[in-house]
Every structure is written in C-alpha cells, then in structure tokens.
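The values are calculated or read from the model by the stated rules, or taken from the named source; none is laboratory data. Here the structure is a predicted model, which means the values were calculated and not measured. Here the Cβ positions follow ideal geometry from the backbone for every residue, glycine too, while neighbour counts run over all protein chains shown. Protein only, heavy atoms only, side chains kept; ligands, DNA and RNA dropped before computing areas. Shrake-Rupley method; radii C 1.70, N 1.55, O 1.52, S 1.80 Å.
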Amino acid sequence: ISNSSNTIGKGTFLEGNVETYGNIRIDGKITGNVKSKSKVALGPSSSIQGNIMSQNADIEGEVRGKVEIA
C-alpha cells in the first residue's frame, strides 16, 4: 500500500481533504488538508490552503496553513 503514488496535476482544483498512505505530488490547487503516511511533494505551481501532515515533505509551491512532519 505504501508504494502507491498519487498526482494532482497542474490546472486541477480540489476542494476537500486528501488522505493517502502513499506518496502524493501536487501541482494543482487544494483548499483543504493534505495528510500522507509517506511523502508530500508540492511543485512550483501548487497552492494549498490548509494544513499538511506527513512523514516527509518537499515544498516548492505555496502553503497557507501549518506543515507538520512527524
């Protein structure tokens, strides 16, 4: 399960919380919280209005919220 990979592409707008056991790469915009048991990678075009909780994070985009790495 933890080897799964998810992508939210550029030009995609999502409203709501996202939760995954695997890695997730976000290049679009999310209004809501993002939670991963693995890694969250935000590309340069990404925008998150919400909190991020993960084991690892690579952030190039914009985050308006709290980032918690545990």
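Would you be able to say whether some residue in region 10-24 is outside any strand (DSSP E or B) and touching a Phe, Trp or Tyr at 6+ places or on another chain (Cβ under 9 Å)? So that I can check it myself, show each step before the final result.
Narrowing region 10-24 to residues outside any strand (DSSP E or B): 10-12, 16-17, 21-22.
Pick out the ones that are also touching a Phe, Trp or Tyr at 6+ places or on another chain (Cβ under 9 Å) and you get none.
No: region 10-24 contains no residue that is outside any strand (DSSP E or B) and touching a Phe, Trp or Tyr at 6+ places or on another chain (Cβ under 9 Å).
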task = Could you tell me whether ASN17 is in contact with a strand residue (DSSP E or B) (Cβ under 8 Å, 6 or more places away or on another chain) and open to solvent by less than 70 Å² (accessible area, probe 1.4 Å)?
result = no
query = Checking GLU68 against (1) in a strand (DSSP E or B); (2) open to solvent by 90 Å² or more (accessible area, probe 1.4 Å), which test does it fail?
reply = (2)
ask   = So ILE30 fits all but one of (1) surrounded by fewer than 16 Cβ atoms within 10 Å (Cβ to Cβ); (2) under 9 Å from the mean Cα position of the chain (by Cα); what number is the exception?
value = (1)
ask   = Are there any pairs with C-beta distances below 9 angstrom linking a residue in region 7-18 that is polar (S, T, N, Q) to a residue that is outside any loop (DSSP other than H, G, I, E, B) and open to solvent by 70 Å² or more (accessible area, probe 1.4 Å), with the two at least 6 apart or on different chains, and if so which?
value = THR7/ARG25; THR12/LYS29; ASN17/LYS35
key: So ILE8, is it over 15 Å from ASP58 (Cβ atoms) and either open to solvent by less than 60 Å² (accessible area, probe 1.4 Å) or touching a His at 6+ places or on another chain (Cβ under 9 Å) (or both)   = no
message = Contact list please: Cβ distance under 9 Å, first residue in region 31-51 and at positive phi, second residue crowded, with 20+ Cβ neighbours inside 10 Å and of a type outside the set (Lys, Arg), pairs at least six apart or on different chains.
response = GLY32/ILE48; GLY50/ILE30; GLY50/VAL34
